[in-house]
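Have a look at the structure below, then the notes.
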Amino acid sequence: MAEALGQSEVFLEFQERLSRVALVNRPVLLIGERGTGKELAASRLHFLSSRWKGPLVALNCSALTPSLIESELFGYEKGAFTGAERRRTGRFEAANGGSLFLDEIGTIPIEVQEKILRVVEYGTFERVGSSDSIEVDVRIIAATNSDLVALAAEGRFKQDLLDRLSFEVLFLPPLRERKGDILLLANHFAGRMAFELGREEVPQFSSEATAALESYSWPGNVRELKNVVERAAYRSDSSLITDIVFDPFHAPHVGHRIPKQEVPTVETDTASIDNLLDRPIKEAVRELEVLLLKKALRETKYHQRKAAQVLGLTYHQLRGLYRKYIKEIE
């Protein structure tokens, strides 16, 4: 789980807005990239609210099939469907008097959104297979990394439900925008890993390692930083951490592998690009990516970090392309 630790202006501003809305008994929508700590933010919202003595129930909506989400949220009666051998209460009943955290709410089917809207508006619902209304007092905290406004415009998310859930919308800042927090978090994670390993010395980062951490774009945000730093601390033979590995799947020898086939000339590349105009678009895009990747690797003598800069990509993005087209490149 991401850590609620930071001193940057954007992070402190987010925490201030979170603390303020926590006291208001209304739905809150959390929007953020993966790894920014949406579940942790939901937990803080709950425990800073007047509902802190009540339950905090969480459900990752993307982890369930559409047919299971309704019964998971609202429960079901015995005999409601094949396999329903007894009555089961759902997450709304379990969260009564507290908060219900719905992660990845954009994946919920429209028909289930209708029932959620009714709970938000009237505080009642029926279990699957029952016509009896059940009253609950639940505060909904929803989270997503999807564009719900766009989904609503496409008819894939109910506009009425979006209006009700967005009493307050909190945007979790990505790590790349939290200037000054990267090293603070890195030292925290490294120290905790050293403690876990039974090491007495406090880990420190070399200037090169520090520069690498601060210049990286962190697409996986705090969760990725935690993994990278803990791996570096665990692999280090001393308290000074000098080696930072962002991609654990990178085989050291791959970046220096000599292509088996003859390297095409620039003229061949140009001719190949001209021929792409007669190809289906998916096939053309694939071939163009392979050509540009080969050209960048050739120009940088197969130094992948430099090739990423040539192509305007992060190292992580280039590694993804390399793995995707490794057979064509070799």
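The numbers here are math on the coordinates, done by the rules we state, and not lab data. Bear in mind that the values here come from a model prediction, so they are computed numbers and not experimental data. Neighbour counts are summed over all protein chains in view; Cβ atoms, including those assigned to glycine, are modelled from backbone coordinates with ideal geometry.
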Handout entry: Selection status of residue 134, out of contact with any Asp or Glu (no Cβ under 6 Å at 6 or more places or on another chain) and under 20 Å from residue 159 (Cα atoms)
Key = no
Problem - The lone exception for residue 223 - which of (1) in contact (Cβ under 8 Å) with a residue 60 or more places away in the chain; (2) surrounded by fewer than 19 Cβ atoms within 10 Å (Cβ to Cβ); (3) touching a Ser or Thr at 6+ places or on another chain (Cβ under 6 Å) it fails - result: (3)
Problem - Residue in the range 122-159 that is farthest from the chain's Cα centre (by Cα), counting only those that are farther than 22 Å from residue 97 by Cα and touching a residue at least 60 places away in the same chain (Cβ under 8 Å) - result: 148
Problem - Looking only at the range 201-252, and only at residues there that are among the acidic types (Asp, Glu) and under 23 Å from residue 5 (Cα atoms), the one that is nearest to the chain's Cα centre (by Cα) - result: 224
Completion exercise
Selection from the range 277-323 of residues of a type in the set (A, V, I, L, M) and either outside any helix (DSSP H, G or I) or exposed (fewer than 13 other Cβ atoms within 10 Å of the Cβ) (or both) yields 277, 281, 285, 313
Practice task
List the helices (runs of 4 or more DSSP H) that sit entirely inside the range 1-118 and contain at least 3 residues that are surrounded by 15 or more Cβ atoms within 10 Å (Cβ to Cβ) and more than 19 Å from the chain's Cα centre (by Cα).
Solution key: 9-22, 66-74, 91-94
